[in-house]
Structure formats: structure tokens, C-alpha cells
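Let me begin by presenting the structure, written as C-alpha cells, before commenting on it.
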Amino acid sequence: MESSQVRSGRFFLVRARYESDILAFLTDFAKKHEVTTATFTAIGALKSATLACYDQQKHEYLKHTVDAPREIASCVGNVSTKEGEPFVHAHAVLSDTNGNTNAGHLLEGEVFAAEIHLVELLGEKIERRHDAVTGLSLWDVGA
Ligand code: ZN
């Protein structure tokens, strides 16, 4: 499909559980509330994180670990469906005590505190499918 027209459904405000992985928390939350498509933002702090940048030539994520407390200066993402299960895709900008940042595709994030605003989107279900050009699992809309 060319694009997907969606409309807002439920709005959720939730605080992620202390020491949970923020992605696992969001995945479980989506399953529990039967959310198949959503966008979200989060702010707060992580105890540690693993971020990544996708190597567009090698088609693999290059990871870097942030093994110290950081503010979640910004975290944005979406929920769609991959292989029948909710799939959370998130990017984060994390800042240290000097205001320096680490940023990227979020692979893991141990929650110290996180306030999440999630907006459910209703309409056609968005599925992730393997894209041979990029090597990524992308939405089945657009392009
Ligand atoms: Zn990403």
C-alpha cells in the first residue's frame, strides 16, 4: 500500500517499571492493551543502554554501550506488527552530567525512571516486512 491513513485511538500515560528494559516494557504494554500500531515519546533516565547505528553498506547494526546513568533527553518511537507480534522501534538521545549526548537506535535501556506517552493509532494494520534493498524490516507502506 502507498500509505496508511490512521486515526488516533486511546492515549496512554504510563511510567515504566524500575530496572525494566524499556523496549520489553513497551512490548508487554502493547500486548496487554492490544495495541497493534502506535507512536510514543518518553522522557526520564536510564541506568544503562545499548544504542546502535545501522551500517548502510554492511547491512548490520554497529552497537555502542552506555554503561552509566543517563537522562533520556528524548526518546521517540513507534509500535507496529512483525510476525504477528507487537514490535517496538525506538530512537533515543541520552545525556550525561555535562550535557554530552549519545544517540541512536535503541536496542536496550535499563529504566531508572521513564514517563511514556503512547498514542494508539487505528486503521489498517502496519506490518513490518524484510526489505531486500536496505536489509531492514520495514513498514509495508510507502516507497
Ligand atoms: Zn531505528
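The values are calculated or read from the model by the stated rules, or taken from the named source; none is laboratory data. Fair warning: this is a prediction, and the values are worked out from it, not measured in the lab. Neighbour counts run over all protein chains shown; Cβ positions are idealised from the backbone, glycine included. The accessibility values were calculated without ligands, DNA or RNA, using every heavy atom of the protein model including side chains. Shrake-Rupley method; radii C 1.70, N 1.55, O 1.52, S 1.80 Å.
For segment 68-78, 3J(HN,Hα) computed residue by residue from phi via the Karplus equation (6.51, -1.76, 1.60; θ = phi - 60°) reads 7, x, 9, 6, 8, 5, 7, 9, 10, x, 9 Hz, glycine and proline entered as x.
Applying the Karplus relation 6.51 cos²θ - 1.76 cosθ + 1.60 with θ = phi - 60° to segment 80-92 yields 3J(HN,Hα) values of 9, 10, 9, 6, x, 10, x, 10, 9, 10, 9, 10, 9 Hz, where x marks Gly and Pro. At an R0 of 35 angstrom, the distance between the Cβ atoms of Thr101 and Phe11 translates into a FRET efficiency of 0.80. Checked against a 29 Å cut-off, the cross-linked pairs Lys31/Lys63; Lys31/Lys58; Lys47/Lys125 give Cα-Cα distances beyond that limit for Lys31/Lys58; Lys47/Lys125. Residues whose amide H comes within less than 5 Å of that of Ser74, counting only those at least five positions distant or on another chain, are Val93 (H built at 1.01 Å from N in the peptide plane).
Sequence-distant or interchain residues sharing an amide H contact under 5 Å with Lys82, placed H: which? Close amide H contacts, sequence-distant or interchain: Phe87, Arg128. Close amide-amide hydrogen proximity is noted between Tyr54 and Leu62, each under 5 Å apart and 5 or more residues distant or on a separate chain (H modeled in the peptide plane; Pro and chain starts excluded).
For the chain, the solvent-accessible area works out to 59 Å² per residue, with a probe of 1.4 Å and every protein chain left in place. Could you work out what % of the accessible surface of segment 18-138 is carbon and sulfur, using a 1.4 angstrom probe and leaving DNA, RNA and ligands out of the count? Answer for segment 18-138: carbon and sulfur cover 51 percent of the accessible area. Among the trypsin sites (Lys or Arg not before Pro) found in segment 4-81, those both in a DSSP coil and sparsely packed, with 11 or fewer other Cβ atoms within 10 Å of their Cβ, are Lys58. Taking all C-alpha pairs of segment 1-54, those more than 13 Å from each other amount to 70 percent. Along segment 130-136 the Karplus relation, 6.51 cos²θ - 1.76 cosθ + 1.60 evaluated at θ = phi - 60°, assigns HN-Hα couplings of 4, 10, 5, 5, 9, x, 9 Hz to successive residues, with x for each Gly and Pro. Across the alpha-carbon set of segment 18-138, the Rg to Rh ratio works out to 0.98, Rh being the Kirkwood radius.
Projected label points at Glu60 and Ser4, each 7 Å from Cα along the beta carbon direction, are separated by 3.0 nanometres. Loop-resident chymotrypsin sites (Phe, Trp or Tyr not before Pro) (DSSP state other than H, G, I, E or B) in segment 1-61 with no more than 11 further Cβ atoms inside 10 Å of their Cβ: Tyr18.
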